[in-house]
Amino acid sequence: MLRYRQVVRLLQHSKYSVRAASNGCGSSGGEKSDDDLHPIRRTLRLLGNDMRKVKEFFVPKETATHIDPIPTQSKFHFKGERDKSKEPTLPDDFQTHCDVLIIGGGGVGSSIAYWLKEKARDGLNVVVVEKDDTYAQSATRVSVGGLCQQFSLPENIQMSLFAADFLRNAKKHFGQDVPLQFTPHGHLMLAGEEHAESLMRSSQLQNELGARNELLTADRLAVRFPWLNTTGIALGCHGLEKEGWFNPLALLSNFRRSASGYGAHFVSGQVVDFEYKSQMDISVVGDIGSKEGSYTGLETAVIQLPDGTRRTCKFALCVISAGASSEQVARLAKIGVGPGILQVPLPINAHKRYMYAINSQAQSAPGMTMPMTIDSSGIFIRRDGLSGNYICAHDSMEENHNAPVDSQYFNRHIRPHLSNRIPVLGEAQVVDSWAGCYDHNVYDENGILGAHPYYHNLYLATGFSGHGAQQSLAVGRAISELIMDGQFRTIDLSRLSFDRLIIDQPMYELNNVLS
């Protein structure tokens with residue numbers, strides 16, 4: 001945080017802007033026209049010079065001396081996606097240019113592709129680059145699929161309310177090929193004395209915005225959930241409607257299948273660099289550390305493919321939604337290492353989560369109506385189908401994110417709390433375990449989404465800090481609105497923009513509702 005404070009002190013008292021310069025055809029003052037403000041029209045205008053250089057635009061320089069035909073279809077095949085192996089073989093179907101390049105094809109990135117293509121169909125060429133074509137390292141793999149409105153910020157509550165409405169009509173949007181397996185048994189968030197008042201205030205806000213939950217004292221909790229030990233618990237918030245859990249991998253599959261069906265291109269590869277272009281028709285004003293009037297924008301991504309070759313893809317707009325890798329991708333765009341506004345880094349790191357499948361055949365174990373339970377100790381647990389199966393998880397502060405699952409982690413960090421809160425599960429047997437990382441915003445543990453304040457053609461959608469699975473639906477729609485309409489049309493998420501890092505106004509989420 002020290003570095004953020006130093007950068008903020010440098011920037012927060014200055015006004016900054018990136019604006020289009022006068023082209024000599026009109027006044028340089030006054031209000032901007034709609035064409036100046038709309039991102040699609042603006043970027044198409046800025047690409048006019050390139051379009052006149054047809055040969056250069058459509059045949060970009062290659063960074064490899066020999067290019068073999070490269071398959072762009074991910075090895076991780078999703079049911080319903082176009083199987084390119086059955087299509088006529090083309091010399092090379094790699095997209096050398098596109099309208100929108102999305103870096104990161106996990107839940108959030110694939111959602112953005114889905115919403116863009118659902119709206120624009122053939123009107124936009126959308127390319128999604130995903131480096132992990134097995135999704136073994138994706139945050140989706142360590143999502144418990146929670147859907148809950150028990151947040152303290154209105155934006156987070158509204159995003160999850162939208163997700164609930166969308167999932168209720170999932171067959172209308174996605175068809176029936178890949179069921180989402182939504183289980184509407186609510187969430188139960190537990191709080192001790194120190195957090196009871198905050199839980200009460202949040203519940204009031206949630207119900208005002210359209211959620212439906214109830215507050216239960218320790219005595220009422222004991223009656224409602226006889227398997228629960230309420231020692232140390234002052235208050236619980238129990239979701240009555242629009243809450244539960246779903247299959248996050250099925251949601252990802254539906255995003256990809258639908259976006260691909262609408263014509264989105266999914267590329268297996270990793271963005272390793274950007275190419276820039278000095279643009280004289282855009283000027284930088286008031287940005288300390290940047291040369292006045294000088295603007296160098298992003299133009300092309302360099303993508304390394306699985307066989308090691310590198311290709312380039314020129315884009316009009318780019319979205320960074322690379323999860324835990326977003327900070328590294330941002331650094332390639334000089335965010336955090338450049339002058340002026342670019343000094344402010346994207347504050348994302350990887351946060352490790354341990355997941356365990358456990359089984360108990362005890363007669364008094366929680367039954368089918370058990371809500372997903374979030375204990376004040378940090379563990380969370382839910383049912384997993386029938387036969388006494390449960391999924392239990394805990395977030396670790398370990399820095400070695402690539403280490404295999406610690407066989408003793410469950411006994412050291414989870415079983416003691418589980419035995420205390422749900423005594424009947426104290427002797428449950430571990431039948432499977434896995435671990436992975438999700439994108440964690442170290443600044444205020446909330447998502448960062450919207451346009452970057454320096455680059456006119458770069459958007460961010462990352463840092464959801466364990467909320468990404470349930471928020472991916474609303475985030476994808478929001479980014480598509482910014483790209484297609486130039487503004488938020490449904491939920492106003494402007495307070496979650498990158499700008500809050502520059503002016504040092506964190507948006508803290510008090511309720512750690514993980515998904």
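The values are calculated or read from the model by the stated rules, or taken from the named source; none is laboratory data. Keep in mind that this is a model prediction, so the values were computed, not measured. We place every Cβ from the backbone using ideal geometry, glycine too, and count neighbours over all the protein chains shown. Each accessible area value is taken on the protein alone, full model and side chains, heavy atoms only, with ligands, DNA and RNA left out. Shrake-Rupley method; radii C 1.70, N 1.55, O 1.52, S 1.80 Å.
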Please state the equivalent ellipsoid semi-axes for the range 209-337: what are the square roots of 5 times the Cα gyration tensor eigenvalues, largest first, in whole Å?
-> 48, 24, 15
Order by protection proxy (mean Cβ within 10 Å, highest first), peptides 192-200, 498-506, 443-451 = 443-451, 498-506, 192-200
Mind checking the per residue accessible area of the range 344-490 for me, 1.4 Å probe, whole number of Å²?
-> 35 Å²
Which whole-percent values make up P(r) of the range 322-376 when all C-alpha to C-alpha distances are grouped in 5 Å steps starting at zero?
-> 4, 14, 14, 13, 8, 7, 7, 9, 8, 6, 5, 3, 1
How large is the Kirkwood hydrodynamic radius of the range 408-457, in angstrom, based on all distinct alpha carbon pairs?
-> 14.9 Å
note: the range 266-416, Cα-Cα separations exceeding 24 Å make up a percent value of 57 percent
For the range 317-469, what relative contact order do you get, as a whole percent, if you take Cα pairs closer than 8 Å and at least 6 residues apart?
-> 31 percent
A 1.4 Å probe over the protein heavy atoms gives the range 248-331 a carbon and sulfur accessible-area percentage of 50 percent
For the range 95-163, rounded, prolate or oblate, judged on the Cα gyration tensor with a ≥ b ≥ c (square roots of eigenvalues), a/c < 1.5 rounded, else prolate if a/b > b/c?
-> oblate
Amide H proximity to TYR262 below 5 Å, modelled H, separation 5+ or other chain, gives none
Relative contact order (%) - criterion: Cα under 8 Å, at least six apart; region: the range 107-266 = 40 percent
Take the alpha-carbon positions of the range 119-197, form their convex hull, and give its projected area averaged over all directions (one quarter of the hull surface) in nm².
-> 8.7 nm²
Return the sequence-ordered ³J(HN,Hα) values of the range 248-257 in whole Hz as given by the Karplus equation 6.51 cos²θ - 1.76 cosθ + 1.60 applied to θ = phi - 60°, using x for Gly and Pro.
-> x, 5, 5, 5, 4, 4, 5, 4, 5, 4
If you stretched the chain out fully between ALA362 and ARG331, how much longer would it get, using 0.36 nm times the residue separation minus the C-alpha to C-alpha distance?
-> 6.0 nm
Please work out the Cα center distance from the range 314-339 to the range 360-430, rounded to the nearest Å.
-> 36 Å
Filter on LYS131/LYS352; LYS131/LYS171; LYS117/LYS277; LYS172/LYS314 - keep pairs with C-alpha separation over 24 Å = LYS131/LYS171; LYS117/LYS277; LYS172/LYS314
For the range 318-332, just list the computed ³J(HN,Hα) in residue order, Karplus coefficients 6.51, -1.76 and 1.60, θ = phi - 60°, integers in Hz, with x standing in for Gly and Pro.
-> 9, 10, 9, 9, 8, x, 5, 8, 4, 5, 5, 5, 4, 5, 4
Please sort by residue number the trypsin sites (Lys or Arg not before Pro) in the range 192-300 whose DSSP state is loop and whose Cβ has at most 16 other Cβ atoms within 10 Å.
-> ARG212, LYS291
Cβ-Cβ FRET estimate between ARG121 and PHE488, R0 fixed at 22 Å, reported to 0.05 = 0.50
Could you list which residues have their amide H under 5 Å from that of ALA234, counting only those 5 or more apart in sequence or on another chain, with H placed in the peptide plane?
-> ALA191, GLY192, GLU193
Kirkwood-based Rg to Rh ratio, the range 380-440, C-alpha trace | 0.97
Along the range 498-505, what does the Karplus equation 6.51 cos²θ - 1.76 cosθ + 1.60 (θ = phi - 60°) give for ³J(HN,Hα), rounded to whole Hz, x for Gly and Pro?
-> 4, 4, 5, 6, 6, 8, 6, 10
